[in-house]
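Trainee: Have a look at the structure that comes next, please.
Throughout, read-outs are computed from the coordinates displayed, never taken from laboratory work. None of the values given here were measured: they were computed from a predicted structure. Methodologically, a virtual Cβ is constructed for each residue, glycine included, from the backbone with ideal geometry; neighbour enumeration extends over all protein chains shown.
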Amino acid sequence: MTKLSYIPLPTDEVRALQNGGLDAYGHAPEHHISDGDGNPCRHCLSNIAAGDEFLVLSYRPFASEQPYAEQGPIFLHAMECEAYVRHHELPEMIKSRAGLLLRGYGDNDRIVYGTGQFVAPEEIEAAARNILATKGVAYVHARSATNNCYQLRIELMT
């Protein structure tokens, strides 16, 4: 069986933001100190520890602006962190969530209708596989079920 790949934000994009780059709205990211509760970094795919500085910024996980290119708030470590590399393992930060919204997208970066669903962490792998098996789906986005914030991308490993 082909494994799933859980993909963080690209390191080059993250480094640009950590070094003062502008977010999807053209604003500098906000700097905050984590209280240790609910600030998952989209690069290392782990929760930001209490006392660590983090960035809040607007992110659009699509190459171009178009009607389906959702944009919203995300968190990143303010200091450099290593990209998540255990791509075939569901990140711990995801396992601790009440659930996620999974949605399939085509090669044209548009939602494939009928693929969106709320799933509990233990259902993510099976649900993502089913979505990826849907005609026209190239990848899946995982988003917060409560706030719709982008979490990560899921693909079949090649």
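Trainee: Find the Cα radius of gyration of the stretch 9-77, compare it with 2.2 N^0.38 Å by division, and give the number to two decimals.
Mentor: Working: Rg = 12.0 Å, N = 69, 2.2 N^0.38 = 11.0 Å.
For the stretch 9-77, the normalised Cα radius of gyration is 1.09.
Trainee: Continuing with this model, one more query. Just the number, please: percent antiparallel of the DSSP beta bridges in the chain, rounded to the nearest 5. Write out the running numbers ahead of the final one.
Mentor: Working: 29 of 30 bridges.
About 95 percent, rounded to the nearest 5.
Trainee: With only Lys, Arg, Asp and Glu charged, each at its Cβ (+1 for the first two, -1 for the last two), find how big the charge dipole of the stretch 87-156 is about the Cα centre; round to the nearest 20 debye.
Mentor: Numbers: 8 positive and 8 negative charges, 47 e Å.
Dipole magnitude for the stretch 87-156 comes out near 220 debye.
Trainee: Using modelled amide H (1.01 Å from N, peptide plane; none on Pro or chain starts), what sits under 5 Å from the amide H of H43, excluding residues fewer than 5 places away?
Mentor: Result for H43 returns L9, H77.
Trainee: Choose one answer from Q66, Q18, Q117: the residue with the largest mean-square fluctuation in a GNM of the chain with alpha-carbon springs under 10 Å.
Mentor: With Cα springs under 10 Å in the chain, the top fluctuation among Q66, Q18, Q117 is at Q66.
Trainee: Given 5 Å bins starting at zero, what is the percent of C-alpha pairs of the stretch 87-156 in each, up to the one with the largest pair distance?
Mentor: Going from the shortest bin to the longest, the percentages are 3, 19, 32, 26, 14, 5, 0.
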